[in-house]
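Taken together, the values in this text are just the output of simple stated rules run on the coordinates, not laboratory data. Remember, it's a predicted structure, so these values are computed and weren't measured experimentally. Note: ideal-geometry Cβ built from the backbone for every residue, glycine included; neighbour counts use all protein chains shown.
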Amino acid sequence: MRRILRLTGWWLSLALCSVMAPLRAQTVALPSPAASSLDRLAQAPPSLSPPPAGWDAYAPQAAQVFPSAPQTGSWAPSALGGIPGYPGYSTAPPSLVPPQGTAPANSSLLSSIPAVPNPMASPTVQQTMRLYQGARGSWAYLYGNGDGTSVGVNELDTTATFAVPFFHNSQANLNHAPLLVTPGFGLQLWDGPQTSNSMQADLPPSTYDVFLDTAWNPQFTPLFGAELGLRVGFYTNWDVFVWESWRLMGRAVGTLQLTPTMQGKAGIAYLDRNQVKLLPVIGVTWVPNPDARYDILFPAPKASRRFRETAKHSLWGFMAGEYGGGAWTFRRMNGFGNTGEITPFDYNDIRITGGCEWIPKTPNGLAGSAEVGYVFYRQLYYVNHSPQSSQIQDLNDTWMLRLSLAY
């Protein structure tokens, strides 16, 4: 519990730093309500649109909650869905998708406001009903020379995503969200730690992830939605196949439309690690204008701003944080316990990164990101059959480089 509270404190500090600079007075517009609750249920979910002028933030808001006409697109998944170690992984860039929708122009309140591309819109039904959605790969390097507790890691991750219609015409799936099925493979190459009489910790040269991930992001009503994910996989160093090598991970996050530019989120992420089983997910996603997005969200805060446009791509800069690492099993060759003993272990860290990502302006195109960051609070946690053998080994802080591509 103390570890989770400490992680929460780090993330709240990062989130506050990321949003205090651009905070300024904002005005947003909300169209008139639907005639009845049945009308509201029949409408498509609201998509985020930049705040147009003309709405009084201090006027009574009860009559301005629901849109009067269906809108194109819906919320994109939060930054949490783009991190390789979390369930609900997809081929989309971590927090941004190509602008597909526009703000509604047929509402009486908004009829005089020019339509603006919606940076948060999801692909349309016709696009998401394609079986093959795309592929994604990422590589991360955490510097370490292998001496003492200076542990280096190369992390490689590749996935391919497929979309299957799922409750397609249900009134509980207003945005026609498909079921995203993502098989994936990961490889970690470890350098260190150096085992000695005073530090009896060791790692295999490599570990592997083989998993099947599913994600569903439905909109139940114009106000309420969800981000759901489930992953089952095998995590080991390939010569060990035991029950502890299997991991079941999950995510259940509810979403609430607070304003046209802000959505609240709350739920849990089940990591199924040996030291930390689950983390709370809580925060908001705020899009004050088409050129900015803020995921003020634990455990994956992210602040993004668009700084340039090219003929085919939008370029965004970002700062982000995440709780990194994973859990695997291996056969010990050094250290305490019997040589050859099968041991589950965790590697945990906290990462603060900054970089840029390029987003295609069309549904099909090459997307990617490049980032550098600082990695701290690094730990190895070994679990053995005898309780007195369990061990936590702190590691040196380091820096990280990560590249990813999606098509």
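Stretched out straight at 0.36 nm per residue, the stretch from PHE166 to VAL372 would grow longer than its current Cα-Cα span by 70.4 nm.
The distance between label points at ASP397 and VAL232 comes to 4.2 nm (points 7 Å beyond Cα on the Cα→Cβ vector).
How big, in percent, is the set of alpha carbon pairs in region 343-407 lying more than 21 Å apart?
So the pairs more than 21 Å apart make up 50 percent of the total in region 343-407.
The distance between label points at GLN379 and ASN154 comes to 2.9 nm (points 7 Å beyond Cα on the Cα→Cβ vector). The fraction of Cα-Cα pairs per 10 angstrom bin, counted from 0 for region 158-255, comes to 14, 31, 25, 17, 10, 4, 0 percent, rounded to whole percents.
Once both labels are positioned 7 Å from their Cα atoms along Cα-to-Cβ, the gap between TYR407 and LEU315 label points is 2.2 nm.
Taken over region 288-407, the percentage of Cα pairs per 5 Å bin, counting from 0 up to the bin with the maximum distance, is 2, 10, 15, 15, 14, 11, 9, 8, 7, 5, 3, 1, 0. Fewest neighbouring Cβ atoms within 10 Å first, the residues LEU230, LEU131, LEU403 line up as LEU131, LEU403, LEU230. In terms of packing, defined here as the mean over residues of other Cβ atoms within 10 angstrom, the peptides 299-306, 276-283 line up highest first as 299-306, 276-283.
Evaluate the charge dipole of region 261-320 about its Cα centre and quote only its size in Debye, nearest 20, assuming +1 on the Cβ of each Lys and Arg and -1 on the Cβ of each Asp and Glu.
In debye, rounded to 20, region 261-320 gives about 100.
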